[in-house]
1. Within the range 133-150, can you find the residues that are at pLDDT 90 or above, out of contact with any Asp or Glu (no Cβ under 8 Å at 6 or more places or on another chain) and over 13 Å from I45 (Cα atoms)?
2. If Y231 passes every condition in (1) more than 21 Å from S98 (Cβ to Cβ); (2) surrounded by fewer than 16 Cβ atoms within 10 Å (Cβ to Cβ); (3) out of contact with any Phe, Trp or Tyr (no Cβ under 9 Å at 6 or more places or on another chain) but one, which one does it miss?
3. I129 is checked against (1) at pLDDT 90 or above; (2) surrounded by fewer than 17 Cβ atoms within 10 Å (Cβ to Cβ) and fails just one. What number does that condition carry?
4. Looking at the range 79-98, I want the residues that are at positive phi and have a partner that is not aliphatic (A, V, I, L, M) with Cβ atoms under 8 Å, at least 6 apart or on another chain. Which pairs are those?
5. Within the range 132-153, how many residues turn out to be buried (at least 20 other Cβ atoms within 10 Å of the Cβ) and either of a type in the set (D, E) or in contact with a Gly (Cβ under 7 Å, 6 or more places away or on another chain) (or both)?
6. Pull up the range 91-137, narrow it to residues that are hydroxyl-bearing (S, T, Y) and closer than 25 Å to V174 by Cβ, then point me to the one that is nearest to the chain's Cα centre (by Cα).
7. Examine the range 159-177 for a residue that is closer than 30 Å to Y47 by Cα, touching a helix residue (DSSP H, G or I) at 6+ places or on another chain (Cβ under 9 Å) and basic (K, R), and state whether such a residue exists.
8. If I ask for residues that are under 15 Å from V174 (Cα atoms), of a type outside the set (G, A, S) and not in a helix (DSSP H, G or I), which ones from the range 203-244 would you list?
Amino acid sequence: MAGNYKNSYKVSEKELVSLSVYNVGFQKCTPDYQWGPGIRDHYLIHYVISGKGTYTVNNQTYTLTEGDSFLVYPNTEVTYSADHKNPWEYAWVGFTGSDASIILKATDFSPAAPIIHKNPLGESIHRQILHIYDARGNELEHAVEMTGRLYTMLSLFMQSASHEKNADTASSYVQKGIEYITANYSYAITVEDIADYVGLSRSHLFRSFQNVLGVSPKEYLTSFRMKQACYLLEHSDLSITAIANSIGFDNSLYFSKIFHKQKQISPRDYRKRFQKKITLQPAFLKEDSAKLQPLEE
């Protein structure tokens, strides 16, 4: 494309929790064009389409050219500048969410080495960023489509990662285990089922969870189920037996025992306490809370 240009889009609606696009765009920079020094509050990946520039972070400066990528970590001071004679053209996507850090750990990006030279899947990565831009919009359907294409783009960085990092990252095993728990907690699944799905021995899965989350797979599964139980106790009229069945317990007495151990209160008393709390809420708060709208960033 002749001449300098900048096309960018920033999402203004509320984000999805697990992963969401913050902004996306592409730009042909003018000579010596610079951003920074400054920080971002989100992750930001740039892919260099053509030309040349530098990226400075942690007192180190990297020179990047066509086919290279660099990652900006949140709350990290950076500066990036276009070359004077051959200014770069790049595409970028910014993103946030609870999945972002785990996914990036399965790529060749790291705080110590936030750049990737000549990614073999570079052209595909470039196309996916443009696809994210094409899906832009502020409706929920746009957010979902943009996030889906973002997952695809990040998977390309995972595919091209060195074998050792991609295959043996504990966080990727934990993420896969969490995905299985989230989808199957309502069934009578066991730690063995989780380990089989992830493709690890039970002991290896245990070590991965302990190293990444500081809890065992069983403790994570139990905690996840108890959170779902609390939600159902607060927001449904289901019986204790029905709630137990809904979160993977086939014995309501055993469920009540585990719940009491976790929360220091029985499921029945937990529900009564929550209902009492709602009943005691001042009337003016009840009326006004329905009128309040969440603040947009």
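The values are calculated or read from the model by the stated rules, or taken from the named source; none is laboratory data. This one's a predicted model, so the numbers in the text were calculated from it and none came from an experiment. Cβ atoms come from the backbone with ideal geometry, glycine included; neighbour counts cover every protein chain shown.
1. Y133, D134, R136, E145, M146, T147, G148, R149
2. With respect to (1) more than 21 Å from S98 (Cβ to Cβ); (2) surrounded by fewer than 16 Cβ atoms within 10 Å (Cβ to Cβ); (3) out of contact with any Phe, Trp or Tyr (no Cβ under 9 Å at 6 or more places or on another chain), Y231 is out only on (1).
3. Condition (2) is where I129 drops out.
4. As it stands, the answer is G97/E15; G97/S18; G97/S20, since those pairs meet every condition given.
5. Residues flagged as buried (at least 20 other Cβ atoms within 10 Å of the Cβ) and either of a type in the set (D, E) or in contact with a Gly (Cβ under 7 Å, 6 or more places away or on another chain) (or both) within the range 132-153 amount to 1.
6. Looking at residues that are hydroxyl-bearing (S, T, Y) and closer than 25 Å to V174 by Cβ, I get S98.
7. For the range 159-177, residues closer than 30 Å to Y47 by Cα, touching a helix residue (DSSP H, G or I) at 6+ places or on another chain (Cβ under 9 Å) and basic (K, R): present.
8. V215
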